1. Out of Gly445, Gly435, Gly422, which single residue is at pLDDT 85 or above and surrounded by fewer than 21 Cβ atoms within 10 Å (Cβ to Cβ)?
2. Return yes or no: is Thr332 touching a helix residue (DSSP H, G or I) at 6+ places or on another chain (Cβ under 7 Å) and among the polar types (S, T, N, Q)?
3. Please return the ranges of strands (runs of 3 or more DSSP E) entirely within segment 213-304 where 2 or more residues are closer than 30 Å to Glu450 by Cβ and out of contact with any Cys (no Cβ under 9 Å at 6 or more places or on another chain).
4. If a residue has to be within 27 Å of Glu228 (Cα to Cα) and either exposed (fewer than 15 other Cβ atoms within 10 Å of the Cβ) or among the acidic types (Asp, Glu) (or both) to count, how many in segment 496-546 make the cut?
5. Given Leu361, Leu385, Leu319, which one is closer than 25 Å to Ala245 by Cα and either open to solvent by less than 60 Å² (accessible area, probe 1.4 Å) or in contact with an Asp or Glu (Cβ under 6 Å, 6 or more places away or on another chain) (or both)?
6. Give the residue, chosen from Tyr510, Tyr528, that is farther than 30 Å from Gly355 by Cβ and either of a type in the set (A, V, I, L, M) or part of a loop (DSSP other than H, G, I, E, B) (or both).
7. Return the pairs, sorted by first residue and then second, in which the second residue is surrounded by 11 or more Cβ atoms within 10 Å (Cβ to Cβ) and not polar (S, T, N, Q), the first residue lies in segment 1-27 and is in a loop (DSSP other than H, G, I, E, B) and modelled with pLDDT of 75 or more, the beta carbons are less than 8 Å apart, and the residues are 6+ apart or on different chains.
8. Only one of Ala303, Ala268, Ala261, Ala237 is modelled with pLDDT under 85 and within 30 Å of Val219 (Cβ to Cβ). Can you tell me which?
Amino acid sequence: MSLVALRILALLALILLVWNPASSRVLPSGDEPIVLVDASLSMSGAPWRAALDSARARARGRAVVWRFGRRVSMFDTMPPDDGATQLAPALEAAAGRAGEVIVLTDGAVDDVAKIPPDLLRRPRVILMPRPPFWDAYVASVEGTRHLTRTDTVRLRVSYGTAGTREGGRGKGKAALVVSVGGRRLTTQGVSLPDSGIFETSITLPASRFPLPGWQVLEVRLDGAGDAEPRDDARLFALDVSSEPAAVILASPPDWESRFLAKALSDVARVPVKMFVETERGRWRDAATLAPVATADLNRAASAARLVAVIGDPERTQSLTASVHASRLVWQTNGQSGDWYVEPPLSSPLTATLSGVLWDSLPPATAVAVSTRDTTNAMVALTARLVRRGPARPIVLLAQRNGEGAREATVTAAGLWRWAFRGGVAEQTYRTLVAGLVDWLLGEQGAGSRERAVPQALEIANGLPVVWEWRSRDEPRPLVVTLKTSSAQRVDTLRFDAARRAELLLPPGIYQYALSGGSERGVVAVEEYSDEWRPRAPTIGPQPGEATARLASVGLRDRWWLFVIAIAALATEWALRRRQGLP
């Protein structure tokens, strides 16, 4: 009877182990808390040391510790290096676990307004504040990206102060120093505000740059005497060439020419020079409104790879008659009305414009009948007046007779409203301009042929360089070579479903080159970061709303059930051996 009982006991234990039923119990809210440590650059120094001590003490008490900044990661003791403070992803990740959530931060959180109130009430917030200090900084630098040697560089520089200085207000005077490669180009005195941001303009001739090509300017605030020097300088990358790659002749100038110049500079990534005929026979530089002689116009148009004529083409006939470059002729003096653009016909632009929702675009305001020879032209786009009547061609592509250059003719006015509306309409306008430039320049290396480009050329410290896939092909990994003045590194860009790739780099100026193509350029990772500037806390200390945690424990997690099964089988075997049973 004892052998049967032992066998039944062993079988029951094995069945329970295979089945593995679970039992639950309520754990106290303080059991295994989640500690979120702010790892942004603003935590450097004393706040980070205090946060480390607090996190280590809680980790010894079975706490789970994570870092958060621009992303959420496992905890380590490396110095903080994130250029943003995003708390929402960390709280969303911690919401999957019950129990107490503890946030260790200096309070300068970027996305507090985006966090749902119930999620924001849950954590216990412990502040590790930065010591108060006074700081002067350069907030931003803006200007024209592509220039020629004869252009004037115009920079819009925003600078300001924050915090409280010991002994009262600051000196009130400082200087903005513009330099390239350690060589000072110009210095401009400025007055510092007591708080807030001022804006000023700095001009200098592009001829001061020692060599053509990509240059990285440093705009530094000198003489402020502030406590934080790491945000005193900003970088700005620009491309200087000997002659403009694209010339726009606007006669008369209007909104169409203005938006075309901006889009052409952005998508083709080449220097663009625009001249406007403000009066009959009088041409001016669109940037400075300085008078331009006819000889200078002819020289610029002859040296350009692309000449765009916008307005009335007959008024510029004498200037473009001897031009052998590819031409974009954009007529704006046509029949007024609401002309709705229709899906593209079969042409070289069909693939580029595929997927556009044409019904969502504003109509063109006028369509002209082309006065040029369009016998052998391909129709790329058409439009109908109030969606009725015959379709009229508005984009035509042709090969110029006896020449290797190409010519595109646009006969619709008011397409600038696509760019003005923004969003999808603006992207459609940029795509149309990029497609025209791509076809006009052919194999001459248009910027729109680049497979991938960085979204921004200047990146703040602690943020990744974001690359955007521009080619119509499916994204694929690309090997990128990055060179500085003293080192070289090779990385691989892996694009996600949004056709973007991220690469985190230390501060420095990098000359990049993508393998298997002609993509070349420069990216500058700055020492500057918004995190260095003193900021008022956006979140204060709070006790939080800790919740109890329900813990489930399966029978396989209980050691004694294994002991019972093994002991029952071993005892049965021993008794059977003693009785001489098999």
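The values are calculated or read from the model by the stated rules, or taken from the named source; none is laboratory data. Since this is a predicted model, take the numbers as computed values, not measurements. All Cβ positions, glycine included, derive from the backbone under ideal geometry; neighbour counts span all protein chains shown. For accessibility, only protein heavy atoms count, side chains too; no ligands or nucleic acids. Shrake-Rupley method; radii C 1.70, N 1.55, O 1.52, S 1.80 Å.
1. When all the criteria are applied, what remains is Gly422.
2. For Thr332, the condition - touching a helix residue (DSSP H, G or I) at 6+ places or on another chain (Cβ under 7 Å) and among the polar types (S, T, N, Q) - is met.
3. Strands (runs of 3 or more DSSP E) meeting the threshold: 213-222, 233-241, 246-251, 272-279.
4. Total satisfying the criteria: 8.
5. After applying the criteria, what remains is Leu319.
6. The conditions single out Tyr528.
7. Close Cβ pairs (under 8 Å, with a partner that is surrounded by 11 or more Cβ atoms within 10 Å (Cβ to Cβ) and not polar (S, T, N, Q)) amount to Asn20/Gly554; Asn20/Leu555; Asn20/Arg556; Pro21/Gly554; Pro21/Leu555.
8. So the residue among Ala303, Ala268, Ala261, Ala237 that is modelled with pLDDT under 85 and within 30 Å of Val219 (Cβ to Cβ) is Ala268.
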